[in-house]
Amino acid sequence: MRRLIRFGVSLDNDLLDKFDKLIKQENYTNRSEAIRDLIREKLVKKEWIGNKEVTGAITLVYDHHKRELLNSLIDIQHDFHHLIVSSQHIHVDHDNCLEIIVVKGKPREVEKLANMMKAAKGVKYGALSMATTGKQLK
Ligand code: NI
């Protein structure tokens, strides 16, 4: 059975002041919720080191006039189709496209896919947001 446990934490007052300022900026209403999120963040990071399934989002910004780039991004996605849950394409302006690719799979493979897309010649911005399936978190 899950239950709420209270525990004390000893901290240097200077470090606690910094923490309180930080969580205030991030709109936390109390320290407990901020500490819970820090723990979850750490656990998600650990998931990405392991071999269990993870989720994430790859964000790309590129110029769609570069047709070769467009083709290679599509080729890469087809090579890794088993990892791709969905993708969304937004025409930001006349030249630029924003693509968000939702991924699910083993961390090494997802990272490989993200790195290949980020490294494609002409991609202006590429980032992998590392998330979780939530199964390992309560
Ligand atoms: Ni577009």
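The values are calculated or read from the model by the stated rules, or taken from the named source; none is laboratory data. Computed from a predicted structure; not experimentally measured. Cβ sites come from the backbone with ideal geometry, for glycine too, and all protein chains shown count toward neighbours. Only protein heavy atoms, including side chains, enter the accessible area calculation; ligands, DNA and RNA are left aside. Shrake-Rupley method; radii C 1.70, N 1.55, O 1.52, S 1.80 Å.
Points worth noting:
- Amide H to amide H, with H built 1.01 Å from N, Thr132 comes under 5 Å of Thr55, counting only residues 5 or more places away or on other chains.
- Rounded to whole numbers, the Karplus 3J(HN,Hα) couplings from phi for region 89-100 are 10, 10, 7, 5, 8, 4, 9, 9, 10, 10, 10, 10 Hz, using 6.51 cos²θ - 1.76 cosθ + 1.60 with θ = phi - 60°, and x at Gly and Pro.
- Additional length obtainable on full extension of the chain from Ile49 to Ile100, 0.36 nm per residue less Cα span: 16.0 nm
- Probe 1.4 Å, accessible area per residue of the chain, Å²: 74 Å²
- Taking θ as phi - 60° and the Karplus parameters 6.51, -1.76 and 1.60, the scalar couplings of region 119-134 work out to 7, 4, 4, x, 6, 7, 8, x, 8, 10, 9, 8, 10, 9, 6, x Hz in sequence order, x denoting glycine and proline.
- Helix-only arithmetic for the chain: the sum of -39500 (n - 2.57) across DSSP H runs with n ≥ 4, divided by the residue total, places the mean residue ellipticity at 222 nm at -13500 deg cm²/dmol.
- Share, in percent, of DSSP beta bridges within region 54-131 that are antiparallel, nearest 5: 100 percent
- Each of Phe7 and Asn30 was given a label point 7 Å from its Cα along the Cα-to-Cβ line. The distance between the two points is 1.8 nm.
- Top of Lys45, Lys124, Lys24 by mean-square fluctuation, Gaussian network on the chain, Cα under 10 Å: Lys24
- Gaussian network model of the chain, springs between alpha carbon atoms under 10 Å - residue of Leu38, Leu16, Leu83 with greatest fluctuation: Leu16
- Candidates His64, His82, His94, ranked by Gaussian network fluctuation over the chain, Cα under 10 Å, top entry: His94
- For region 30-39, Karplus couplings with θ = phi - 60° (6.51, -1.76, 1.60), whole Hz, Gly/Pro x: 8, 5, 4, 5, 5, 5, 4, 5, 4, 5
- The Cα atoms of region 16-138 give a gyration tensor whose axes a ≥ b ≥ c have a/c of 1.5 or more with a/b no greater than b/c, which makes the shape oblate.
- Distance violations [Cα-Cα > 27 Å] among Lys52/Lys121; Lys24/Lys118; Lys42/Lys112; Lys24/Lys106; Lys21/Lys124: Lys52/Lys121; Lys24/Lys118; Lys24/Lys106; Lys21/Lys124
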